[in-house]
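Beneath this line is the structure, given in structure tokens, with notes to follow.
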Amino acid sequence: MRTREAVDWLASPRGTVKRVAARRVPGVDPHGTGCTYSAAIAVGLAQGLPLPDAVAMGKRFIARALERRLKIGGWDLLNHLPGA
């Protein structure tokens, strides 16, 4: 079943669970989204953000990368420079 949102869940060792969601972007090859998402989270952590904030920042980054996808040949691919 497809939903209108792409939802991730962040669970802490203390048992708290945080929902992190963005609008689902149909028609984009999702190859590479996990690696890109985790790298964006790592950047947030390296900048000193708390984990929940780094995850939220990573989710916004990956959502923009999908929304501003690149059309190359017959492919719709992630735009790793979504601010450009």
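I need the full set of residues from segment 7-18 which are in a strand (DSSP E or B) and out of contact with any Pro (no Cβ under 8 Å at 6 or more places or on another chain), in order please.
Across segment 7-18, the qualifying residues are Val7, Asp8, Trp9, Ala11, Val17.
Looking at segment 19-41, can you tell me whether even one residue there is surrounded by 10 or more Cβ atoms within 10 Å (Cβ to Cβ), at pLDDT below 95, among the hydroxyl-bearing types (Ser, Thr, Tyr) and in a loop (DSSP other than H, G, I, E, B)?
Looking through segment 19-41, none of the residues is surrounded by 10 or more Cβ atoms within 10 Å (Cβ to Cβ), at pLDDT below 95, among the hydroxyl-bearing types (Ser, Thr, Tyr) and in a loop (DSSP other than H, G, I, E, B).
Identify all residues within segment 34-57 that are out of contact with any strand residue (DSSP E or B) (no Cβ under 9 Å at 6 or more places or on another chain) and either in contact (Cβ under 8 Å) with a residue 24 or more places away in the chain or of a type in the set (Asp, Glu) (or both); write none if there are none.
Matches in segment 34-57: Thr36, Asp53.
Could you say whether any residue in segment 58-68 is assigned to a loop (DSSP other than H, G, I, E, B) and either over 10 Å from the mean Cα position of the chain (by Cα) or in contact (Cβ under 8 Å) with a residue 12 or more places away in the chain (or both)?
Scanning segment 58-68, I find at least one residue that is assigned to a loop (DSSP other than H, G, I, E, B) and either over 10 Å from the mean Cα position of the chain (by Cα) or in contact (Cβ under 8 Å) with a residue 12 or more places away in the chain (or both), so the answer is yes.
Residue pairs, Cβ under 6 Å, 6 or more apart or interchain, first in segment 6-18 and more than 16 Å from Pro50 (Cα to Cα), second at pLDDT below 95 and part of a loop (DSSP other than H, G, I, E, B). List them.
Ala6/Arg24
The values are calculated or read from the model by the stated rules, or taken from the named source; none is laboratory data. All values reported here derive from a predicted model rather than from experimental measurement. Ideal geometry is used to build each Cβ from the backbone, glycine not excepted, and the neighbour counts take in all protein chains shown.
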